[in-house]
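Contents: one structure, followed by commentary.
The values are calculated or read from the model by the stated rules, or taken from the named source; none is laboratory data. Values in this document were obtained by computation on a predicted structure and should not be read as measured data. All Cβ positions, even for glycine, are placed from backbone atoms using ideal geometry, and neighbour counts span all protein chains on display. Note: areas computed on protein heavy atoms with side chains; ligands, DNA, RNA excluded. Shrake-Rupley method; radii C 1.70, N 1.55, O 1.52, S 1.80 Å.
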Amino acid sequence: MASTLALLLCSILMASVLPLGYTLSLNYYEKTCPNVDTIVTNAVKNAMMRDKTVPAALLRMHFHDCFIRGCDASVLLDSKGSSKAEKDGPPNVSLHAFFVIDNAKKDVEASCPGAVSCADILALAARDAVALSGGPTWDVPKGRKDGRTSLASETRQLPAPTFNISQLQQSFSQRGLSMSDLVALSGGHTLGFSHCSSFQNRIHNFNATHDIDPTMHPSFAASLRSVCPKQNKAKNAGATMDPSSTTFDNTYYKLILQGRSLFSSDQALLTSTGTKNLVSKFATSKDDFLKEFVKSMIKMSSITGGQEIRKNCRLVN
């Protein structure tokens, strides 16, 4: 009964973000905005010259957008009065680099007014963030529409850094994503920085028996405790996701195997035989990781939703 209900709920969710007749296409803007890829890439390049944290921010932003109501740019909408939008939900308050999408949208509108959705711009920007950081590039299917609803309360649906493997599996499967997608997309953690709050549970008061997560390498845990003490008052304290945090590579998987990953959700990938084997595979072969990452990104980015093409990515029409 429980499994039947879960399948039913999953079907309802997928139906809500995959409207009938809603298809994406590689040549969607061939006639209406043929230069959209170049315009967005230039905006990302210019932003990266000013701020090296932009790629990680854009990749995370796209992921957080797609996991709520599909890839509909709802994460870009500003709060209005007492109605708080997704970007002001607890998991999203550290999102940044919205200016990159604003700049790209301004340039796209100047060239192709009213043609390109903010959701497509964000999908393209996330692709460019990876490619310009030394990772792979790919053709992004286009034709997404922008959503009109953005609720901070819905951000509790995002997978948390404290999730175990069963929680991760449930979160991804509800969005039509497999365990292989989970492991491949987690590789995005090779870019960026994390605040202490996201891994504090592993280095202080882990459980009744251990103060520190015993799966964490002792010297790594000690280094994290030095920057994130128990009574941490520093708002911006934290650690880079890996030593090469501005380069898109497979270091993340090697760190998991060494007990040097930041999140419980990272370490959880070793608690299932299937996901553990993939972690080992990706740690050994960068090419295998990059190939699977591209497939999973295209799959995740194709969870569609939305109803319009916004004139301003921060506001509904």
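Of the whole protein surface, Leu270 contributes about 40 Å² of accessible area at a 1.4 Å probe radius.
Summing +1 for each Lys or Arg and -1 for each Asp or Glu among the other residues whose beta-carbon sits under 10 angstrom from that of Thr41 gives 0. When a/c reaches 1.5 or more, the comparison of a/b and b/c decides; with that in mind, is the stretch 193-282 rounded, prolate or oblate per its Cα gyration tensor? Taking the square roots of the gyration eigenvalues as a ≥ b ≥ c, the stretch 193-282 is oblate. In the chain, a dipole from Cβ-located charges (positive for Lys and Arg, negative for Asp and Glu) runs towards its positive end, and of Phe63, Asn250, Ser226 it is Ser226 whose Cα lies farthest in that direction.
A Cβ-based charge dipole, computed about the Cα centre of the chain with Lys and Arg at +1 and Asp and Glu at -1, lands at about 440 debye.
Determine one quarter of the surface area of the Cα convex hull of the stretch 59-192, which equals its mean projected area, and express it in nm² to one decimal. Intermediate values should be presented prior to the final figure.
Values: hull surface 35.1 nm².
With every direction weighted equally, the projected area is 8.8 nm².
Ellipsoid semi-axes for the stretch 120-208, based on the Cα gyration tensor and the rule √(5λ), read 27, 18, 15 Å when sorted largest first. For the chain, the percent of C-alpha pairs falling in each 10 Å distance bin, counted from 0 to the bin holding the largest distance, reads 6, 26, 35, 24, 8, 1, 0.
So what's the net charge close to His64: Lys and Arg +1, Asp and Glu -1, counting the other residues with Cβ under 14 Å from its Cβ?
The answer is 0.
Taking every alpha-carbon pair under 8 Å whose residues sit at least 6 apart, the stretch 92-156 reaches a relative contact order of 30 percent. For Ser302, the shell of other residues with beta-carbons less than 15 Å away shows a net charge of +3, using +1 for Lys and Arg and -1 for Asp and Glu.
Enumerate by residue number the trypsin sites (Lys or Arg not before Pro) in the stretch 233-282 meeting two conditions: DSSP loop (anything except H, G, I, E, B), and at most 12 other Cβ atoms within 10 Å of the site's Cβ. Walk me through the numbers on the way to the answer.
Values: sites: Lys233, Lys235, Lys254, Arg260, Lys276, Lys281; in loops: Lys233, Lys235, Arg260.
Answer by residue number: Lys233, Lys235.
Calculated mean residue ellipticity, 222 nm, the chain: -13500 deg cm²/dmol, from DSSP H runs (n ≥ 4) at -39500 (n - 2.57) each, averaged per residue and rounded to 500.
Once the 1.4 Å probe is applied to the protein heavy atoms, the stretch 182-317 comes out at 46 Å² accessible per residue. The heavy atoms of Val54 offer some 0 square angstrom of accessible surface to a 1.4 angstrom probe. Under the convention that each Lys and Arg Cβ holds +1 and each Asp and Glu Cβ holds -1, the size of the dipole of the stretch 150-281 around its Cα centre is about 220 debye. Given Leu168, Ala123, Leu290, which one lies farthest toward the positive end of the charge dipole of the chain, if we put +1 on the Cβ of every Lys and Arg and -1 on the Cβ of every Asp and Glu? Result: Leu168.
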